1. Name every residue in segment 263-289 that is of a type outside the set (S, T, Y), buried (at least 21 other Cβ atoms within 10 Å of the Cβ) and closer than 14 Å to V212 by Cα, in order of residue number.
2. Residues that are under 22 Å from the mean Cα position of the chain (by Cα) and of a type in the set (F, W, Y), at least 1 per element: which strands (runs of 3 or more DSSP E) completely within segment 1-67 meet that?
3. Being surrounded by fewer than 16 Cβ atoms within 10 Å (Cβ to Cβ) and small (G, A, S), is that true of even one residue in segment 150-162?
4. Would you check if there is a residue in segment 225-243 being open to solvent by less than 40 Å² (accessible area, probe 1.4 Å) and charged (D, E, K, R)?
5. Of the conditions (1) modelled with pLDDT of 95 or more; (2) more than 19 Å from F5 (Cβ to Cβ), A179 fails just one. Which one is it?
6. Please tell me if G128 is modelled with pLDDT of 95 or more, on the phi > 0 side of the Ramachandran plot and either in a helix (DSSP H, G or I) or open to solvent by less than 40 Å² (accessible area, probe 1.4 Å) (or both).
7. Note down all Cβ pairs under 7 Å where the first residue falls in segment 63-79 and is within 13 Å of L92 (Cα to Cα), the second is in a loop (DSSP other than H, G, I, E, B) and open to solvent by 40 Å² or more (accessible area, probe 1.4 Å), and they're at least six residues apart or on different chains.
Amino acid sequence: MKLVFAGTPEVAVPALDALIASDRHEVAAVVTRPDAPAGRGRRLVASPVAERAEEAGIEVLKPARPRDEGFLARLREIGPDCCPVVAYGALLPKPTLDVPARGWVNLHFSLLPAWRGAAPVQHAIMAGDEVTGASTFLIEEGLDSGPVYGVLTEEVRPTDTSGDLLTRLAFAGAGLLVATMDGIEDGTLHAVPQPADGVTLAPKITVEDAQVQWSAPALRVDRVVRGCTPAPGAWTLFRGERLKVIQAVPVLDRADLAPGELSAAKNNVYVGTGSHAVELLWVQPQGKKPMRAADWARGVRIVHGELLGI
C-alpha cells in the first residue's frame, strides 16, 4: 500500500523505521507537528519523526492544523491507501479521516478499551496494572474508540518507569503496526468493535498530578514516581523549592516516620508515607542536575523532623 505516516515524538520513530524497511509498502510522506521551540535558546526544532523522515528522503508535511485546506489538498494529491499513526498529537477531523481509502490506523499503547487518551502508559503504571500492551485500531471521530485490528501484551515490571515501558512498547508495537498494514493490504485482517465494558480514560498527566502526596501509601508513592518518570517528573517541596523525585523505593520494614518526614543516614535517605517509608535514591534540586539522594541530603544538612511537601 501507499502510506502516509503520522507521528511526532521519539516513541513514533521505531514504527516509522519498520514501515520504511517493509518491502510491501511505500511510505510516500510523513505528517508531523510543526517545529517547536526547545532548549535554552528556544529555537525552533523539528520533531524526531520529521528528522528521521528527512534523513530517509521522505516528504514531510507539517500542517498547523490537520483540517487546513493546503494540507488536505496535498494529502489528496499523494492519494494514500492508508495512514498509520503513532502519537501524532492532534485530533483528525472527518474531512482528513475520509482521504485514505482504508482509513487512518493508530498504534495505541494500551489494551483497548483500557486507557483511552494521551497518557496510557503513565496511567497503567500509576494504577498498578501488572499487564498492559498495544493495540492497532481504525481511527474514528471518538477518542480511541474505533474497532481494533490487533493487540500485543507486555508485562509491567516492578521497577518500570513510564519511559522504560514506553520504549519496549514502541519497538514491539512497530512490528504490530507493520503486521496490521500487511493484513489490511491482503484482506486477511478485519477490525473488531471494542467491548462496551472496561473503558478507562488516560488524560495527559499534568504537573499538578505529578506532585507526590506523602500521606498516600508507599506503594502509591512508588507508582506515581515511576509513572511520572521521565515526564512530567514527580516532585515535592523542600524548604519552599521544588525537588524532583526521580527514584524512590518502598522499604517494607520501616514505619517509624510520619508522612513526609525525612531521615538521613550516611548512605540512605528515607521519607515517611501513609504506610511504611520509602528510600529516596535519586533526586534533582531546582536548578541543578540529578544527583544521588544521599549526596543531596549531605549538602542541605537535613534537620531532625524536617518534612517534604510543606
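1. Those that are of a type outside the set (S, T, Y), buried (at least 21 other Cβ atoms within 10 Å of the Cβ) and closer than 14 Å to V212 by Cα: V271, G272, A277, V278, L280, V283.
2. Filter on segment 1-67 gives 2-7.
3. no
4. yes
5. (2)
6. In short, yes.
7. If the second residue must be in a loop (DSSP other than H, G, I, E, B) and open to solvent by 40 Å² or more (accessible area, probe 1.4 Å), the pairs left are A64/P34.
Okay, residues lined up against (1) modelled with pLDDT of 95 or more; (2) open to solvent by less than 40 Å² (accessible area, probe 1.4 Å); (3) aromatic (F, W, Y); (4) closer than 19 Å to G175 by Cβ:
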site	(1), (2), (3), (4)
K2	yes, no, no, no
D35	no, no, no, no
R42	no, no, no, no
S47	yes, yes, no, no
D81	yes, no, no, no
V85	yes, yes, no, yes
Y88	yes, yes, yes, no
D98	yes, no, no, no
F109	yes, yes, yes, yes
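The values are calculated or read from the model by the stated rules, or taken from the named source; none is laboratory data. Just so you know, these numbers come straight off a predicted model, no measurement behind them. Reconstructed Cβ throughout: ideal geometry from the backbone, glycine too, with neighbour counts over all protein chains shown. These area figures cover heavy atoms from the full protein model, side chains too; ligands, DNA and RNA do not enter into them. Shrake-Rupley method; radii C 1.70, N 1.55, O 1.52, S 1.80 Å.
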